[in-house]
1. Per the 1.4 Å probe, what fraction of the accessible area of the stretch 27-121, in percent, lies on carbon and sulfur atoms?
2. How high is the relative contact order of the chain? Use alpha-carbon pairs under 8 Å, at least six apart in sequence, and give a whole percent.
3. Compute the helix-to-body angle for 63-73: its Cα long axis versus the longest principal axis of the chain, expressed 0 to 90° and rounded to tens.
4. Expressed as an acute angle from 0 to 90° and rounded to the nearest 10, what is the orientation of the C-alpha long axis of helix 29-47 relative to the principal long axis of the chain?
5. If we sort 6-12, 84-90, 94-100 on the protection proxy, mean other Cβ atoms within 10 Å, highest first, what's the order?
6. May I ask you to order 130-142, 108-120 by the average number of other C-beta atoms within 10 Å around their residues, highest value first?
7. Label Asp3 and Ala73 with points 7 Å out from Cα along Cα→Cβ: what is the distance between them in nm?
8. Can you give me the Rg/Rh ratio for the stretch 86-137, using Cα atoms for both radii and the Kirkwood formula for Rh?
Amino acid sequence: MADTDAALAAGWRAAVQAVADSRAAPLSARHALHAAVALDRLSDLAHARRAALPSPLARAGDILSFRAALRAADPAFGPLMDLTACSANGPHLALIATQIPPEGFASLPVGDLMVSLYNAGTVPRLYLVTPAESLPMQPLLQAALDWWRVVVPHAAAG
């Protein structure tokens, strides 16, 4: 049990660092993918400790049913799991020019403000693109990390 606790704590620290790295380089698909993989790895590590997790995660016997329960637990998990599966027809990361509303200009960092001035009020943002929708990547990563922080609090202490 101590080994699984140590592995989960190490996985947690890796995920926190990867999300922080992605936040520091918000246009980097490589950093975002690394963060998604680190968050996805928590699924495997938490499966070994599932009895300590809330239902229905605790009742999931095998890893596939556990991952299905995770998908149902938070909307961020499905798209991230699909991304890390690297399916040929699965989601991908893309920089998309995003329109900034006039009231949003005041809160933009100087670099983004300068870019928006030369690009018709748009700035590039990294999105996870699926056939059905485009999801901003940074909030998706943060939502998954926040979910893990609440559900696996002992990992955050490690």
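1. 62
2. Normalised by residue count, the contact order of the chain is 29 percent.
3. Approximately 50 degrees, to the nearest ten.
4. In the chain, helix 29-47 runs at an angle near 20 degrees to the longest axis.
5. So the order, starting with the most tightly packed, is 6-12, 94-100, 84-90.
6. 130-142, 108-120
7. So the label points at Asp3 and Ala73 sit 2.3 nm apart.
8. 1.10
The values are calculated or read from the model by the stated rules, or taken from the named source; none is laboratory data. Everything quoted here is computed from the prediction, not taken from an experiment. Backbone-built Cβ (ideal geometry, glycine too); neighbour counts: all protein chains shown. Each accessible area value is taken on the protein alone, full model and side chains, heavy atoms only, with ligands, DNA and RNA left out. Shrake-Rupley method; radii C 1.70, N 1.55, O 1.52, S 1.80 Å.
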